[in-house]
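Contents: one structure, followed by commentary.
The values are calculated or read from the model by the stated rules, or taken from the named source; none is laboratory data. Here the structure is a predicted model, which means the values were calculated and not measured. All Cβ positions, glycine included, derive from the backbone under ideal geometry; neighbour counts span all protein chains shown.
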Amino acid sequence: MSIQVQSLQKLYGQQKAVNNISFSVNKGEIVGFLGPNGAGKSTTMKILTGFLQPDAGKAFISGLDVSQNPLATKAKIGYLPESNPLYYDMYVREYLQFMAEVHGVPHKKERIEAVITQVGLTPESHKKIAQLSKGYKQRVGLAAALIHDPEVLILDEPTTGLDPNQIIEIREVIRSLGANKTILFSTHILQEVEAVCSRVIIINKGELIADNSLSELQANHSKPVIRVQFKETLETQWIERAVPGLQSLRKISSTEWELEAADPAEAKKQLLALSVAQNLNIVSLQSSDQSLEDVFRSLTNNQNSAS
């Protein structure tokens, strides 16, 4: 396992920023690391990268204990922090050369050109970092994380500040890197996780609340949403009476409704029966799985409500 976390805990005073969490990530996996603000994501990533010491538990990178082998584990990690600290008075190649020298990278010139091409920095690579847009500064940070060809990538909000085209380009870079690296990828843009990640870990209030593949997460926690549209105007009570096990009902317009039910297939049958019994015309009747965003909100809101 390239990343392994065992019963990790970190306290800030009385607050448990990370509360006894455990997970592992294997080579070739791109795992989305999700949670609301203040959930403990950044604290966990700082422990994994050796910037913070845990109060309990252990973190391992490629089998090495991070606390016991800080320099050796840092050599195996490429880290893009959310703040992305850069030396703004340096030129792009100058900065990457400095980072290559820090890591003792052989054939520095060739490696610098390779990562510049890889992250799409070529058009702006002649400039000082201070002259770059936020999106290109983010690319410089990603290039610096890749410069020593690490085994593990830990990326905290890597697409921050990028426009839609740049996001797609960086998404492709991350996806290609995932073939032979281990990537832990934190973001608030859940569409990015759906596009790039094979698995999702969700933490909230410092606790791990989900660790599944995307398909399992949606199968286990998602309820199909049924949308029905009639040609005629309909009162709410007609649907409430017709659908057994109704769990939620939202009026979109006087003729259109969105609902969840304990038995979605039976709910659709009853809506059809309602249309026949009341001589109504159904314009459309369809169901779809909830998005990752819906599942995420459901899991984190449920935990917040329970506390």
Q: Mind checking which helices (runs of 4 or more DSSP H) fall wholly inside the range 52-131 and carry at least 1 residues that are in the same structural domain as Ala17 (by TED's automatic domain parsing) and more than 30 Å from Phe23 (Cα to Cα)?
A: 92-102, 108-118
Q: May I ask you to list the residues in the range 271-307 that are part of a helix (DSSP H, G or I), modelled with pLDDT of 75 or more and over 18 Å from Ile203 (Cβ atoms)?
A: Leu271, Leu272, Ala273, Leu274, Ser275, Val276, Ala277
Q: Answer yes if at least one residue in the range 256-279 is among the polar types (S, T, N, Q), at positive phi and not assigned by TED's automatic domain parsing to the domain that holds Leu155, and no otherwise.
A: yes
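Could you please give the count of residues in the range 172-187 that are more than 19 Å from Leu48 (Cβ to Cβ) and either touching a residue at least 40 places away in the same chain (Cβ under 8 Å) or not assigned by TED's automatic domain parsing to the domain that holds Ala39 (or both)?
Qualifying residue count for the region: 4.
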**Q.** Matching residues in the range 193-220 - criterion: being within 19 Å of Leu155 (Cβ to Cβ) and touching a residue at least 60 places away in the same chain (Cβ under 8 Å)
**A.** Val193, Glu194, Val196, Cys197, Ser198, Arg199, Val200, Ile201, Ile202, Ile203, Asp211, Leu214
Q: Scan (1) more than 20 Å from Gly50 (Cβ to Cβ); (2) assigned to a strand (DSSP E or B) for the single condition Leu155 breaks and write down its number.
A: (1)
Q.
I need a count of the residues in the range 10-45 that are over 21 Å from Asn301 (Cα atoms), assigned to a strand (DSSP E or B) and out of contact with any helix residue (DSSP H, G or I) (no Cβ under 6 Å at 6 or more places or on another chain).
A. 7
Q: Taking the options Tyr12, Tyr95, Tyr79, name whichever one is over 22 Å from the mean Cα position of the chain (by Cα) and closer than 22 Å to Ala145 by Cβ.
A: Tyr95
Q) Looking at this structure, is Ser253 touching a strand residue (DSSP E or B) at 6+ places or on another chain (Cβ under 9 Å), outside any strand (DSSP E or B), of a type in the set (S, T, N, Q) and surrounded by fewer than 16 Cβ atoms within 10 Å (Cβ to Cβ)? A) yes
